[in-house]
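Have a look at the structure below, then the notes.
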Amino acid sequence: MRLSDFLGKEVINLVDGSKIGRVSKIDFLIDLEKAMIRSIILPGKGFFFRVEQEIPWTAVKKISHDLVLLECEEKNVTPSQ
């Protein structure tokens, strides 16, 4: 899967059914020593004072052609408005 394949996908949290948002820009935090993805970093909402959302890679349960399903109970993953 390419990084560009994530763009446009809807991100859903399976824990509470909340919609985190749509991927418009995405970054990964990569552990170079282990050659593995540690987390996904999604941009925050708003024009000023954006707070990025860091989602652990272990929380990603399924990636389909239009959805990314997460199972994440962390406080920094907030639903979209």
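Some points to look at:
- Test set (1) in contact with a helix residue (DSSP H, G or I) (Cβ under 9 Å, 6 or more places away or on another chain); (2) charged (D, E, K, R); (3) assigned to a loop (DSSP other than H, G, I, E, B) - Arg38 fails condition number: (3)
- Pairs are defined by a Cβ separation below 8 Å, a sequence spacing of at least 6 or placement on different chains, a first member in the range 27-40 that is within 13 Å of Ala59 (Cβ to Cβ), and a second member that is exposed (fewer than 13 other Cβ atoms within 10 Å of the Cβ) and of a type in the set (Asp, Glu); the pairs so defined are Ile37/Asp31; Arg38/Asp31.
- The range 11-26: number of residues that are closer than 11 Å to Leu70 by Cβ, surrounded by 15 or more Cβ atoms within 10 Å (Cβ to Cβ) and either of a type outside the set (A, V, I, L, M, F, W, C) or touching a residue at least 60 places away in the same chain (Cβ under 8 Å) (or both): 3
- Subset of the range 1-10 (residues that are exposed (fewer than 10 other Cβ atoms within 10 Å of the Cβ) and in a helix (DSSP H, G or I)): Leu3, Ser4
Bear in mind that the values in this text are calculations on the coordinates, not laboratory data. None of the values given here were measured: they were computed from a predicted structure. Quick reminder, even Gly has a Cβ in these numbers, built from the backbone with ideal geometry, and neighbours come from all protein chains shown.
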